[in-house]
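The values are calculated or read from the model by the stated rules, or taken from the named source; none is laboratory data. Remember, predicted model here, so these are calculated numbers, not experimental data. Here the Cβ is made from the backbone with ideal geometry for all residues, glycine too, and neighbour counts use every protein chain on show.
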Amino acid sequence: MPIIATDALTMRFPRVTALDALSVAVEPGVVGLVGANGAGKSTLIKILLGLLPPTSGRASVLGLDIAREGEAIRERVGFMPEYECLPPDVSATEFVVHMARMCGLPPTAARERAADTLRHVGLYEERYRPIGGYSTGMRQRVKLAQALVHDPQLIFLDEPTNGLDPAGRDEMLDLIRRIGTEFGISVLVTSHLLGELERVCDHVVIIDGGRLLRSQAVEAYTTESGVLTVEVDEGRDELGRRLYDAGLSVRPEGRFLLVDIAGESTYDVIRDTVAELELRLVRMEQRRHRIEEVFATGPPGPQGGGAPPPPVDYAPQGAPR
Amino acid sequence: MSVSTIHDIGYRHYEGRRLGRAYMTRSLYLHNLRAAYGLGRPARAKVMPFLLAAIMLLPATGSVAAFAITKEAEALIPYAAYAPTMQAIIAIFMATQAPVLASRELRFHVIPLYFSRPVGHLDFVLAKLGAMVTALFALMAVPITVLYAGALVTRAPDPGEHLVRFLTALVGCVLYALVLGAIGLVIAAFTPRRGFGVAAVIAVYLVTAAFVAIIQGLAEMESNWSLAGWAGLFAPFNLVDIVQVRLLGAESSSIAIAPGLPGGLVALATCLGLAAGSVAVLYARFRKAGLS
């Protein structure tokens, strides 16, 4: 059973169409929802929570209809908003306990679950101090904890890595991965950065301007390409010229050379040329596609799986709200 | 050989009970009631409400002490007159604590976290209004109870009369709390910055009180007693005093009181209308905030 399914879901605001006939279905697991700012991600989450009635179309979450069973959905899901949503003058413990009770957990259970959940997201002694003194990374953890405290079946994480430094970003992504695998809770995580979702998601849905651009398993985005990345210590240009002379299609990119694979012999030619020039070969690897390339190249050729894409009308869009 | 290992018990699912709407609303009510007195928040949040509560108690204890020594009946403040006499303190309490309940969670965008849970919009508003009304009621009812207990202990004459006046004054306190809570929360809910909220609530209290006093003063110069009485409907303390005098048999402590039973009924209807209007406005306000 898909955890989220939408059917021609459309949301029009007076001045902007946030979602345009979006039809998509995703299976349990960690699902990434990608789109530029203003692509309709946050609107979609609000609709799926049953808070915002769509203009037209239907959707279900965990098999429950958003129009008729909104309350049942809200009992079973957790939500971590994109923006700051924490009162500064209470402690993390106090706040998360309160939020657990707002999900119907009895007082004792609420306290136990809050302590467990804060420990799982990596907040220890500092959880007794007022939230106002926390770093951005700690606040994000509290926001995550309040979404998890009632043990939902599915959580919506809206831009959880926003504002984090690289280390904090990595920790948050690891945490999201653990929620999906170890905790057994399905995750819908949004981001405007494709690269970071590549690491944690099983499935990625890309929307743009309220339309579905792609929905498929992560592997399908990152299949091997017919390009070799070659890195040498120095003498990149010398090597490039020799390879070009040898009839290979070569182009520089940063410190690397990208070589199109013409056949098995390509590897031998590169190896031999490097040896002749007495260069030190640091690496030679077959390049993988990056999800970003979906945006760079527009509509793709082969489809890996998931829902079939609708006709794509891809045009970069600003951030209207 | 003994091998000791630390077991990470890992994530455990919650298999226990999940309670329903009544429990959530009750929890929310208690949470807000505690917040109104700064409980569960840092020490400085407790200073103002408890200071004001202490000031509210001073006249009551002083009055009882004076009566115990002099045995003069006038030394005891009439129960129904207590709230109007102390209205400045009550207004300050309303001004400083209504923003705590109404605008603090708006300002820090906490509201969507409630409505992404199985918390209903109406339950949410009723819990907040209920908590504010209870906090204001406690502020007024405790000193009156002290007065009554003092009167009993010092053997004031006519205990039956005292009991009736004490109980009707408590009913009056419920109305005061309802009217003030409704007005305070609505104003605070539209002024997200706390300082502005406090100032706005105080301003509304002062402006209405001054406006009504001026109208009443002018009307009395013209000997238009009925206009002076009806004008009292537009100031919160005067409004409830009309109900106390006309329907609960208290003695007036305002400049003028709307005439007769109709005056009392209109005032009571105004009180209830204010409360209902406040619920409607807060409902719309928080519903919108839940979507932002």
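Of all residues in the range A:62-81, how many are in contact with a Pro (Cβ under 7 Å, 6 or more places away or on another chain), within 7 Å of chain B (Cβ to nearest Cβ) and not in a loop (DSSP other than H, G, I, E, B)?
Adding up the residues that qualify gives 3.
Give me a count of the residues in the range A:82-103 that are facing another protein chain (nearest Cβ under 8 Å), under 30 Å from A:Leu9 (Cβ atoms) and surrounded by fewer than 22 Cβ atoms within 10 Å (Cβ to Cβ). Talk me through it step by step, then tell me what you get.
If we filter the range A:82-103 for residues that are facing another protein chain (nearest Cβ under 8 Å), which is where we start, we get A:83-90, A:94, A:98-99, A:101-103.
From what's left, under 30 Å from A:Leu9 (Cβ atoms): A:83-85, A:99, A:102-103.
Restricting the remaining residues to those that are surrounded by fewer than 22 Cβ atoms within 10 Å (Cβ to Cβ) gives A:83-85.
Result for the range A:82-103: 3.
Search the range A:111-170 for residues being among the polar types (S, T, N, Q) and part of a helix (DSSP H, G or I), and hand back the single one that is nearest to the other protein chains (Cβ to nearest Cβ). Even if it seems obvious, please write down each step before you answer.
The initial filter retains those residues of the range A:111-170 that are among the polar types (S, T, N, Q), namely A:117, A:135-136, A:140, A:146, A:153, A:161-162.
If we keep only those that are part of a helix (DSSP H, G or I) as well, we get A:117, A:136, A:140, A:146.
Details: A:Thr117: 9, A:Thr136: 15, A:Gln140: 14, A:Gln146: 6 Å.
By that ranking, first place goes to A:Gln146.
Scan the range A:183-191 and give yes if some residue there is outside the structural domain of A:Ile261 (by TED's automatic domain parsing), closer than 27 Å to A:Cys85 by Cβ and surrounded by fewer than 21 Cβ atoms within 10 Å (Cβ to Cβ), otherwise no. Break it down stepwise before answering.
Filtering the range A:183-191 for residues outside the structural domain of A:Ile261 (by TED's automatic domain parsing) gives A:183-191.
Narrowing the set further to residues that are closer than 27 Å to A:Cys85 by Cβ leaves A:183-191.
With surrounded by fewer than 21 Cβ atoms within 10 Å (Cβ to Cβ) added as a condition, the list becomes A:183-184.
Within the range A:183-191 (the criterion being outside the structural domain of A:Ile261 (by TED's automatic domain parsing), closer than 27 Å to A:Cys85 by Cβ and surrounded by fewer than 21 Cβ atoms within 10 Å (Cβ to Cβ)), the answer is yes, since at least one residue qualifies.
Among the residues of the range A:21-33, count how many are crowded, with 23+ Cβ neighbours inside 10 Å and under 11 Å from A:Leu212 (Cβ atoms).
3
Within the range B:238-288, which residues are outside any helix (DSSP H, G or I) and over 21 Å from B:Gln216 (Cα atoms)?
Here is the first cut: in the range B:238-288, the residues outside any helix (DSSP H, G or I) are B:249-259.
B:Gly249 - this is the single residue of the range B:238-288 that is outside any helix (DSSP H, G or I) and over 21 Å from B:Gln216 (Cα atoms).
So, in the range B:23-45, exactly how many residues are at pLDDT below 95, outside any loop (DSSP other than H, G, I, E, B) and over 18 Å from B:Ala102 (Cβ atoms)?
2
Which residues, taken from the range A:202-226, are of a type in the set (Val, Ile, Thr) and closer than 15 Å to A:Leu9 by Cβ? So that I can check it myself, show each step before the final result.
If we filter the range A:202-226 for residues that are of a type in the set (Val, Ile, Thr), which is where we start, we get A:204-207, A:218, A:222-223.
Selection gives A:Val205, A:Ile207.
Considering each residue of the range B:39-52, count those that are over 25 Å from A:Asp151 (Cβ atoms) and either at the interface with chain A (Cβ under 7 Å from one of its Cβ atoms) or in contact (Cβ under 8 Å) with a residue 40 or more places away in the chain (or both), and give that number.
As a first pass, look at the range B:39-52 and keep what is over 25 Å from A:Asp151 (Cβ atoms): B:39, B:41-52.
Filter once more, so that each one left must be either at the interface with chain A (Cβ under 7 Å from one of its Cβ atoms) or in contact (Cβ under 8 Å) with a residue 40 or more places away in the chain (or both): B:41-42, B:45, B:48-49, B:52.
Number of matching residues: 6.
Answer with yes or no whether A:Gly180 is within 15 Å of the chain's Cα centre (by Cα) and small (Gly, Ala, Ser).
Values: within 15 Å of the chain's Cα centre (by Cα): yes; small (Gly, Ala, Ser): yes.
For A:Gly180, the condition - within 15 Å of the chain's Cα centre (by Cα) and small (Gly, Ala, Ser) - is met.
Being in contact with a helix residue (DSSP H, G or I) (Cβ under 8 Å, 6 or more places away or on another chain), within 14 Å of another protein chain (Cβ to nearest Cβ) and of a type outside the set (S, T, N, Q): is that true of B:Leu126 here?
Details: in contact with a helix residue (DSSP H, G or I) (Cβ under 8 Å, 6 or more places away or on another chain): yes; within 14 Å of another protein chain (Cβ to nearest Cβ): no; of a type outside the set (S, T, N, Q): yes.
When the stated conditions are applied, B:Leu126 does not pass them.
Yes/no matrix, rows are residues, columns are (1) away from chain A (no Cβ under 13 Å); (2) surrounded by 15 or more Cβ atoms within 10 Å (Cβ to Cβ):
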position	(1), (2)
B:Gly10	no, no
B:Tyr14	no, yes
B:Arg17	no, no
B:Ala36	yes, yes
B:Ala54	yes, no
B:Ala73	yes, no
B:Tyr79	yes, yes
B:Arg104	no, yes
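A:Arg58 is checked against (1) more than 14 Å from chain B (Cβ to nearest Cβ); (2) charged (D, E, K, R); (3) in contact with a Lys or Arg (Cβ under 7 Å, 6 or more places away or on another chain) and fails just one. What number does that condition carry?
(3)
From A:Thr10, A:Thr55, A:Thr6, which residue is of a type in the set (Ser, Thr, Tyr) and either crowded, with 23+ Cβ neighbours inside 10 Å or not assigned by TED's automatic domain parsing to the domain that holds A:Thr181 (or both)? Steps first, please.
On the way: A:Thr10 fails: either crowded, with 23+ Cβ neighbours inside 10 Å or not assigned by TED's automatic domain parsing to the domain that holds A:Thr181 (or both); A:Thr55 fails: either crowded, with 23+ Cβ neighbours inside 10 Å or not assigned by TED's automatic domain parsing to the domain that holds A:Thr181 (or both).
Step by step, each of A:Thr10, A:Thr55, A:Thr6 is checked, and only A:Thr6 is of a type in the set (Ser, Thr, Tyr) and either crowded, with 23+ Cβ neighbours inside 10 Å or not assigned by TED's automatic domain parsing to the domain that holds A:Thr181 (or both).
For the range A:191-304, which strands (runs of 3 or more DSSP E) that fit wholly inside it have 3 or more residues that are touching a strand residue (DSSP E or B) at 6+ places or on another chain (Cβ under 6 Å) and at pLDDT below 85?
Details: elements: A:203-208, A:211-217, A:224-232, A:250-253, A:256-260, A:281-288.
The strands (runs of 3 or more DSSP E) meeting that bar are A:224-232, A:281-288.
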